[in-house]
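This report concerns only the one structure given below.
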Amino acid sequence: MTMATCALIPIVRCSTSNDQPTNFKVSDLKSAVSTAIKTVTRNLEKSPFKNEASIALKTASMAILDTLVDSLFQFVDQPMHPSQKNFAPVEEIGEHVEVDYYQGEIPEDFPEGIYVRNGPNPLFGGLKKSESVFGKTDSLWVEGEGMLHALRFTKTSKGEWKLYYKNRYVETDTYKIESKREKPAIIPIAEGDAIAVFAALFFNKMRIGIDKMSSNTSVFEHAGKYYSATENFIPQEIDIISLETIDNWYPGGTWRRAFTSHPKKAPGTGELVTVGFEPVKPYCVVGVISADGEEVVHKLDLQLDHCTFFHDVGVTNKYTVLIDSMVTLSVDRLMKGGQLIKYEREKDARIAVIPRYGDNTDSIKWFLIEPCVSYHLMNCFEDENEVVVRGCRANESILPGPDWGQDKYDWFSRAFTFKPVGSHDNESCHGSKEEGMLFAKVREWRLNMETFEVKERNLSGTEYSMDFPFINADFTGLKHQYGYTQVVDSVASSNAGQAKYGGLAKLYFEEHGNHSSVHGEENVKIEYQWLLKNNFCTGAAFVAKSDGVDEDDGWIVTFAHDEDNETSYVLVVDAKKFGDEPVAKINLPRRVPHGNHGAFFCLKKN
């Protein structure tokens, strides 16, 4: 007990100095941490009761660190604007609740299954920031514990639809730690004063031993098992019926690093392709997991000299595709007083085309592209000697923002504005007078594998900002005719300082649109499905017909929320009659906060 206390004195003295936090240097804290570790080690080595002292130190360390952290750091609620009220967390509801009211008709040939959407649902009332003598640290809007919201579609023996809703937290290791403590334990590290972020990293590692595991971004299936994921850790296996968290998933027992939020199944083989990035070497590793999920059949360290934030990965028949848009993570930069996460605008953006089983970096082909930020890929495929990449791109990073220290609400409010919209019934809801930094268009990059020529064009124009793209998953890695996105409501997003999606779009890649962009590019045909004013959707997904013939044989499902009436519901839209009224609106018994990605899983009866 005494040795541990003495070892931490250098840090305590630093933190309780009369100097202001701005006078601290990262090197000072680093030196203090090093001194503390050396003191503990030296005293233990000299002690005749070395083993006993070690046990006592471990036993006492949690209480000591709790007291220390509680005295140094204060957790404060992030302010929430009134227009952000549906981003606020909800409680778990317990068992499945039958949904007994819906409008329209659920199609007879709609498959039985579960529609699940993931999203952040912070513990203890909302996202926190910390204030300390080191300075301030803050959470990002994408953080918060994952919560799954599921609507189950089942049929009785008489062919009548029965629907059940349930929500449940993804019980990660850090969720268990904080929920057991009944108070925040993990200090935010995503942004803030450099010395404060470094101090938070140190104390989190000392006290908890692991970084925060949010698992709040996506849900996917592989080899008949279901997983929740966020790219800062490995996925969690989920019981898709009960939504119970089963365990962490370490594929083959050999993949023990971060795992993308959007792994893809390779066409033909059914293997799962993933990528993991970390701000320590090796910075980025791509992997291929067997179709049965039992082993990692291939790994390749890309040998990058930096850590890129890879949110998504693309696949074709032969290749793995990554967009390096230079949103980077750097501990070294942080230690020099810079930002942990930064969009490096001065560096080239590029796309990597990697042979599926390439065994060295010489096999990777890099293609320079126009500077941009692209988090979400719609699809990739091979077209003769070209690899075609389609995704959503913007001029600025939504994560974490261009400059630190700015008021989040103010920056997001400005960043979400963009040019006027075209004419439709809800024009006043979706348009604004100026283009913002976060305006996202659907982009196509055609990469010539022989000449290294790159052809870029926008597939969508300047009318509406689009993101969260998806397709009929049966066409992943293959040439496709259609794609779908969520459409940003610019005014609502600007007012809220958060992205809100007021509609859905269907893109026809083989048909021309009725207008060209400001750059003279001919955009593709686009149809829209607009929600009512102050209604916003999240987690849209494609549901394929079991006996479908055409690529768009199926439906689009999405969670939505009416902010005027504070009610949540699920819409079912016929993908072939995209602009028509939804075929069904399913009213939910509880509020569903705005969230991230969703998926529909067909379930066979036992």
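Scan region 551-573 for residues that are more than 20 Å from Lys500 (Cα to Cα) and without any contact (Cβ under 8 Å) to a residue 24 or more places away in the chain and jot them down. Within region 551-573, Asp553 is the sole residue that qualifies. Yes or no: Lys264 among the basic types (Lys, Arg) and surrounded by 21 or more Cβ atoms within 10 Å (Cβ to Cβ)? Taking the combined requirement at face value, the residue satisfies it.
Evaluate the following for Phe468: is it on the phi > 0 side of the Ramachandran plot and under 18 Å from the mean Cα position of the chain (by Cα)? Criteria met by Phe468. Restricting attention to region 71-97, which residues are surrounded by 12 or more Cβ atoms within 10 Å (Cβ to Cβ) and among the charged types (D, E, K, R)? Listed by number, the residues that qualify are Asp77, Lys85, Glu92. If you go through region 544-581 one residue at a time, how many are part of a loop (DSSP other than H, G, I, E, B), under 14 Å from Trp530 (Cα atoms) and open to solvent by 40 Å² or more (accessible area, probe 1.4 Å)? Result for region 544-581: 3. Scoring Asp403 on the criteria (1) at pLDDT below 90; (2) more than 24 Å from the chain's Cα centre (by Cα) leaves a single failure, condition (2).
Filtering Gly253, Gly293, Gly224, Gly276 for residues that are in contact with a His (Cβ under 6 Å, 6 or more places away or on another chain), among the small types (Gly, Ala, Ser) and modelled with pLDDT of 90 or more leaves a single hit, Gly293.
The strands (runs of 3 or more DSSP E) falling completely within region 332-397 that include 3 or more residues that are under 30 Å from Asp138 (Cα atoms) and open to solvent by less than 40 Å² (accessible area, probe 1.4 Å) map to 373-383, 386-394. Touching a strand residue (DSSP E or B) at 6+ places or on another chain (Cβ under 8 Å) and either closer than 18 Å to Gln529 by Cα or outside any loop (DSSP other than H, G, I, E, B) (or both), is that true of Gly502? Yes: the conditions hold for Gly502.
Each row is one residue, and each column tells you yes or no for (1) surrounded by fewer than 17 Cβ atoms within 10 Å (Cβ to Cβ); (2) among the small types (Gly, Ala, Ser); (3) in contact (Cβ under 8 Å) with a residue 12 or more places away in the chain.
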{"site": "Phe198", "(1), (2), (3)": "no, no, yes"}
{"site": "Leu201", "(1), (2), (3)": "no, no, yes"}
{"site": "Ile210", "(1), (2), (3)": "yes, no, yes"}
{"site": "Phe220", "(1), (2), (3)": "no, no, yes"}
{"site": "Tyr226", "(1), (2), (3)": "no, no, yes"}
{"site": "Ile238", "(1), (2), (3)": "no, no, yes"}
{"site": "Leu243", "(1), (2), (3)": "no, no, yes"}
{"site": "Ile246", "(1), (2), (3)": "yes, no, no"}
{"site": "Tyr250", "(1), (2), (3)": "yes, no, yes"}
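I'm checking my understanding of the structure. Among residues of region 582-606 that are basic (Lys, Arg) and under 19 Å from Gly113 (Cβ atoms), which one is most open to solvent (accessible area, probe 1.4 Å)? Here the residue is Lys604. Entry remark, region 112-134: residues being open to solvent by 20 Å² or more (accessible area, probe 1.4 Å) and not in a strand (DSSP E or B) number 6 in total. Just to verify a result, which residue in region 163-196, among those that are under 23 Å from Thr260 (Cα atoms) and basic (Lys, Arg), is least open to solvent (accessible area, probe 1.4 Å)? If we take residues in region 163-196 being under 23 Å from Thr260 (Cα atoms) and basic (Lys, Arg), then Arg168 is least open to solvent (accessible area, probe 1.4 Å).
Residues checked against (1) more than 20 Å from the chain's Cα centre (by Cα); (2) among the β-branched types (Val, Ile, Thr); (3) assigned to a strand (DSSP E or B); (4) closer than 14 Å to Ala229 by Cβ:
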| site | (1), (2), (3), (4) |
| --- | --- |
| Leu243 | no, no, no, no |
| Thr260 | no, yes, no, yes |
| Gly268 | yes, no, no, no |
| Val273 | no, yes, yes, yes |
| Gly276 | no, no, yes, yes |
| Lys281 | yes, no, no, no |
| Val286 | no, yes, yes, no |
| Asp292 | yes, no, no, no |
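Checked against (1) within 23 Å of Met449 (Cβ to Cβ); (2) over 22 Å from the mean Cα position of the chain (by Cα); (3) free of Cβ contacts under 8 Å to residues at least 40 places away in the same chain, Asp332 passes all but a single condition, namely (1).
The values are calculated or read from the model by the stated rules, or taken from the named source; none is laboratory data. Source: prediction; values computed, not measured. Please note: Cβ atoms are built from the backbone with ideal geometry, for glycine as well, and neighbour counts cover all protein chains shown. For the accessible areas, the whole protein counts, side chains as well, though only heavy atoms, and no ligand, DNA or RNA atoms are used. Shrake-Rupley method; radii C 1.70, N 1.55, O 1.52, S 1.80 Å.
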